1. With the condition being more than 10 Å from every other protein chain (Cβ to nearest Cβ) and surrounded by fewer than 20 Cβ atoms within 10 Å (Cβ to Cβ), I'd like the strands (runs of 3 or more DSSP E) fully within region B:30-72 carrying at least 2 qualifying residues.
2. What number of residues in region B:5-29 are open to solvent by less than 60 Å² (accessible area, probe 1.4 Å) and either part of a strand (DSSP E or B) or in contact with a Leu (Cβ under 6 Å, 6 or more places away or on another chain) (or both)?
3. When A:I50 is evaluated against the numbered criteria (1) touching a residue at least 60 places away in the same chain (Cβ under 8 Å); (2) open to solvent by less than 60 Å² (accessible area, probe 1.4 Å); (3) out of contact with any Pro (no Cβ under 7 Å at 6 or more places or on another chain), which criterion, by number, is the only one it fails?
4. What tally of residues in region A:2-17 results from selecting those that are more than 12 Å from chain B (Cβ to nearest Cβ) and either acidic (D, E) or open to solvent by 80 Å² or more (accessible area, probe 1.4 Å) (or both)?
5. Which condition from (1) surrounded by 14 or more Cβ atoms within 10 Å (Cβ to Cβ); (2) part of a strand (DSSP E or B) is the one that A:P79 breaks?
6. Only one of these is among the small types (G, A, S) and either open to solvent by 70 Å² or more (accessible area, probe 1.4 Å) or without any contact (Cβ under 8 Å) to a residue 24 or more places away in the chain (or both): B:A2, B:A93, B:A88. Name it.
7. Could you list, in sequence order, all residues of region A:33-47 that are over 13 Å from B:Q106 (Cα atoms) and either assigned to a loop (DSSP other than H, G, I, E, B) or open to solvent by 60 Å² or more (accessible area, probe 1.4 Å) (or both)?
8. Among the residues of region A:18-32, which ones are assigned to a loop (DSSP other than H, G, I, E, B) and within 13 Å of another protein chain (Cβ to nearest Cβ)?
Amino acid sequence: DQQVKQNSPSLSVQEGRISILNCDYTNSMFDYFLWYKKYPAEGPTFLISISSIKDKNEDGRFTVFLNKSAKHLSLHIVPSQPGDSAVYFCAASQGGKLIFGQGTELSVKP
Amino acid sequence: EAGVAQSPRYKIIEKRQSVAFWCNPISGHATLYWYQQILGQGPKLLIQFQNNGVVDDSQLPKDRFSAERLKGVDSTLKIQPAKLEDSAVYLCASSSGDYFRAYNEQFFGPGTRLTVL
């Protein structure tokens, strides 16, 4: 019973183009959604979040969109840079408890 | 500000042996989490402490896993005896918020990679 799903295990994009990472969830009681970024041999680091009462949050090159009716969120990175190459985890929060998706490995090619 | 520290970084043991992991959270953080991340999956919460009390251990396999947080600071996670399926990265995280807030940013340590042969 996976409440948070990232159906694309990997994504490859060209430097300068847009990267779009997707995430689906099943529990309508989640109150916050977060994206974490993970480099090899390091722990995940927080990237950006969005409250369930919002539909968009932007921070520099990173924008998260939330579609509550579809139970879907996405992370847009524009423009993509080689340093963005990492595994991205979507996470949903309920009462402070985080539930993570499986992750999407992003590769940004020069 | 120092981040979350974990040790050891890597551990290889044989099945049925015991192993312990240590975590030192960010200074002043009241909440501490242990996660298990199996290869190809996202982190899964094993246990959450608020100061030195357990607030959620619903996914901790209590027949073999145990954890404690002495004096509300450092924490240890133990597996006894280990099974092959325990091979994973064990992540420790901490946050400054309390259990009843809607959202707490969690800061993760580098993890301990456990291999059970």
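The values are calculated or read from the model by the stated rules, or taken from the named source; none is laboratory data. Values in this document were obtained by computation on a predicted structure and should not be read as measured data. Because the Cβ atoms are built from the backbone with ideal geometry, glycine has one as well, and the counts that use them run over all protein chains shown. Ligands, DNA and RNA are excluded from the accessible area calculation, which covers all protein heavy atoms including side chains. Shrake-Rupley method; radii C 1.70, N 1.55, O 1.52, S 1.80 Å.
1. Details: elements: B:31-37, B:44-50, B:53-56, B:65-69.
Because the criterion is at least 2 residues that are more than 10 Å from every other protein chain (Cβ to nearest Cβ) and surrounded by fewer than 20 Cβ atoms within 10 Å (Cβ to Cβ), the strands (runs of 3 or more DSSP E) in region B:30-72 that meet it are B:53-56, B:65-69.
2. Within region B:5-29, the subset open to solvent by less than 60 Å² (accessible area, probe 1.4 Å) is B:5-8, B:13, B:19-21, B:23-26, B:29.
If we keep only those that are either part of a strand (DSSP E or B) or in contact with a Leu (Cβ under 6 Å, 6 or more places away or on another chain) (or both) too, we end up with B:5-7, B:13, B:19-21, B:23-25.
Qualifying residue count for the region: 10.
3. (1)
4. Just the residues of region A:2-17 that are more than 12 Å from chain B (Cβ to nearest Cβ), to begin with: A:7-8, A:11-17.
Add one more test, that the residue is either acidic (D, E) or open to solvent by 80 Å² or more (accessible area, probe 1.4 Å) (or both), and what stays is A:7, A:14-15, A:17.
Summing the residues that are more than 12 Å from chain B (Cβ to nearest Cβ) and either acidic (D, E) or open to solvent by 80 Å² or more (accessible area, probe 1.4 Å) (or both) in region A:2-17 gives 4.
5. Of everything listed in (1) surrounded by 14 or more Cβ atoms within 10 Å (Cβ to Cβ); (2) part of a strand (DSSP E or B), A:P79 misses just condition (2).
6. When all the criteria are applied, what remains is B:A2.
7. Answer for region A:33-47, where residues must be over 13 Å from B:Q106 (Cα atoms) and either assigned to a loop (DSSP other than H, G, I, E, B) or open to solvent by 60 Å² or more (accessible area, probe 1.4 Å) (or both): A:Y39, A:P40, A:A41, A:E42.
8. Once the filter is applied, which keeps residues that are assigned to a loop (DSSP other than H, G, I, E, B) and within 13 Å of another protein chain (Cβ to nearest Cβ), region A:18-32 yields A:M29, A:F30, A:D31.
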